[in-house]
Amino acid sequence: MHHFFSDPGIQHIYVLHGLGGAGKTQITLKFINESSSRFSDIFFIDTSTIATIETGLKNIGIQRDFGDSPEDGLLWLASKLEEWLLFFDNADDPSINLNDFIPQCNHGNIIITSRNPGMCVYAGSNSLVSDMEEEDAVALLLKSALQTATVRTEQIAAEIVKSLHHLPLAIVQAGAFISKSRNLDGYLALYTKNQAQLLSEKPTQSHDQYVWTVYTTWQMSFDRLTPPAAMFLQHCSFLHYNGISEEIFSYASKHQFHSNRPSKEELQEPLEFLSHFVESTGEWDSLRFLNATNEVQSYSLISFDVEKKVFFIHPLVHSWSRGTVQNPKEYMLTMGSILGMAISERSLWDMQLTSLLLYPHVELAVEMNTKVAWVFKLQYGIIFWEGGRYKQAGKLREEVLEEQKQVLGDHHPDTLLTMHNLANSYSDLGEHQKAKELQGIVLETWKQVLGDNHPDTLRTTGNLANSYSDLGEHQQAKELKGIVLEKWKQVLGDNHPDTLHTMGNLANSYSDLGEHQKAKELQGIVLEKWKQVLGDNHPDTLHTMSHLAISYSDLGEHQKAQKLSVFVLEKRKQVLGDNHPDTLRTMGNLANSYSALGEH
């Protein structure tokens, strides 16, 4: 700011925008205090309403004997060629056209503070005022709490400001409370149990002159929202505060209802919520969604990450917003169902709505014990599985299986499909004997109900063959995979994903039996087909590349193995994240290649 206002002779307009309580006014006052000698006159305008703005401008005219109307104040500023400073504080109302109150001249200095990022349209420069750096936050807390800075008090303060997410107003409130109670050590425990109360009450004694508490600041913004925008914010507080994507809602709006649960009647609340963003034809209306999110953004109650194309709610706003809901269990169920609806409409490894994005939301829904239909619990399990959280996926599938057995019976196709997926979870967790036994049960039932050549029967047979491999029964695995492959070719053709998966699994059996050249050749064929069908970056393509790299290593072609593993590692980090089991396995394979090449 100091540099921005250093060039005299032109009009400067600077906007500080951000969440209520982030310290915009305090930053401006500090700047004015440090730079007061630079300005000939300094005027403070309460910009919360048109009436307060007009009063402030009228007072300028009166003080300077130039008249007694807002227009007179503006005329005086326009005629005064010296370096005056006009401070528009709390310009939060998006319906106010501030241009009507900016002096029409080429000189003077203006600072605007606002929760509305749209105010940046007036600015020559702007700053987003967000959370404080930890060192500054600790210093502010200790100052507000009248505590001496020592190694011990700074450590305690660091934990407190972390829980307050480094929000200045929350820190000042906490400091004022601590200064009164004289109990720095006990504040964190009190805050954990009484967050809403502590952030709602302003202590009677405080060195800070800010009129509002953290929660009342946000409540004032919330009260200005239209019902759809307010409802959107409240519902989003039952998702994770980070990574809120439009696709969650747009995918959910396309949910197809099947004969199994839940029915439209059971999803009345989610459908009613989504109807605010859907056209009469049933098509998703991005403009309606944008209007609601823009309105919430105009008060900085939600932010948008342009690069990632997702929304973010400050964690304290997130918990506050949840507290404004009268019937949290209903909202929780609505958002839990919307998540399940969205996942059911995405393809496996969807690149628009990724498991990396969905995982925090699904994890929160499970932690909150959201009572969604079992159909949606299975969708949650898919996200856990894609994300490499195999234990969580298995636990959900076990829960659903018990419910399905009671409601549908042991031989219902949905029950059998869950048993099939649960067996896969056992395999993922290394419980190969349990997987094999469960697959055997499912396979016999599929054969009786559907016959030997039905796709569900063949998939279970293929997974049973994989369990043989996992248990070291490689010859038996190879023979069974060969049989399944031939049947897939007959039923679905050479290029169907099920056929390609089985070809890849057969190639792995060749590797297990030491037939590395055959494995390499078959993996090469599968890889080319995956590239044609799914592209280079799909997890199935990367999975085959990873196995081909291992075959290169087995054949002593370490340079090729290294090059391919480097490519797979980078792609898996992007698609799956750094800590996914497949990413970690690729790191291990790459390390082996480096070692084989003497690059220890």
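Coordinate-derived values only; no laboratory data. The shown structure was predicted, so the numbers you read here are calculated from the model rather than taken from an experiment. When we count neighbours, we look across all protein chains shown, and the Cβ atoms used for this are built from the backbone with ideal geometry, even at glycine.
Placing +1 on the Cβ of every Lys and Arg and -1 on the Cβ of every Asp and Glu, with nothing else charged, gives region 514-600 a dipole about its Cα centre of roughly 100 debye.
Each Lys and Arg Cβ is given +1 and each Asp and Glu Cβ -1; about its Cα centre, region 134-218 then shows a dipole of about 280 debye. Taking other C-beta atoms within 10 Å as the exposure proxy, H558, H17, H454 rank H454, H558, H17 from fewest upward. With viscosity 1.002 mPa s and temperature 20 °C, the Kirkwood radius over alpha carbon pairs of region 462-522 converts through Stokes-Einstein to a diffusion coefficient of 190 µm²/s. Among M587, M1, M341, M119, a tally of other beta-carbon atoms within 10 Å of each Cβ gives an order, fewest to most, of M587, M1, M119, M341.
The mean sequence distance of close C-alpha pairs (under 8 Å, at least 6 residues apart), as a share of the length of the chain, puts its relative contact order at 8 percent. Positive end of the dipole of the chain (Cβ unit charges, origin at the Cα centre): among L198, I441, F4, the Cα lying farthest that way belongs to I441. Say each of L555 and K371 gets a label point 7 Å from the Cα, pointing the same way as Cα to Cβ; how far apart are those two points in nm? Placing both labels 7 Å beyond Cα along the Cβ direction yields 5.9 nm. Fewest-first ordering of F232, F5 by other beta carbons within 10 Å of each residue's beta carbon gives F5, F232. In order along region 352-365, the phi-based Karplus estimate (6.51 cos²θ - 1.76 cosθ + 1.60, θ = phi - 60°) of 3J(HN,Hα) comes to 8, 10, 7, 5, 4, 6, 7, 3, x, 5, 5, 4, 5, 4 Hz; Gly and Pro are listed as x. In the calculated pair-distance distribution of region 85-192, the portion above 21 angstrom amounts to 49 percent of the Cα-Cα pairs. Dipole of region 14-79 computed with +1 at Lys/Arg Cβ and -1 at Asp/Glu Cβ about the Cα centre; of G56, F66, L16, farthest Cα towards the positive end is L16. Distance from the C-alpha centroid of region 527-600 to that of region 287-312: 38 Å, rounded to the whole angstrom. Among the listed pairs K254/K377; K377/K573; K447/K518; K377/K531; K264/K447, which are separated by more than 29 Å between their Cα atoms? Pairs exceeding 29 Å: K447/K518; K377/K531; K264/K447. Taking other residues whose beta carbon is less than 12 angstrom from the beta carbon of D185, and scoring Lys, Arg as +1 and Asp, Glu as -1, yields +1. With a sphere of radius 9 Å drawn around the Cβ of G381, what net charge do the other residues whose Cβ falls strictly inside it have (Lys, Arg +1; Asp, Glu -1)? Value of the local net charge: +3.
Of the GluC sites (Glu not before Pro) in region 280-317, the ones in a loop by DSSP (not H, G, I, E or B) with at most 11 other beta carbons within 10 Å are E283, E307. Spatially, region 1-54 and region 367-422 are offset by 57 Å when compared through their Cα centroids. Rounded to the nearest whole angstrom, the semi-axes of the ellipsoid equivalent to region 217-324, taken from the Cα gyration tensor as √(5λ), stand at 25, 15, 14, largest first.
Extending 7 Å from Cα along the Cβ direction at Q517 and again at V407 yields two label points whose distance is 5.6 nm. Please state the shape class of the chain: rounded when a/c is under 1.5, otherwise prolate if a/b exceeds b/c and oblate if not, all from the C-alpha gyration tensor. It comes out prolate by the Cα gyration axes. Looking at region 100-147, the GluC sites (Glu not before Pro) that sit in a DSSP loop and have at most 10 other Cβ atoms within 10 Å of their own Cβ are E133.
Among A252, L29, P228, whose Cα sits farthest toward the positive end of the charge dipole of the chain (+1 at Cβ of Lys/Arg, -1 at Cβ of Asp/Glu, about the Cα centre)? Highest projection toward the positive end goes to A252.
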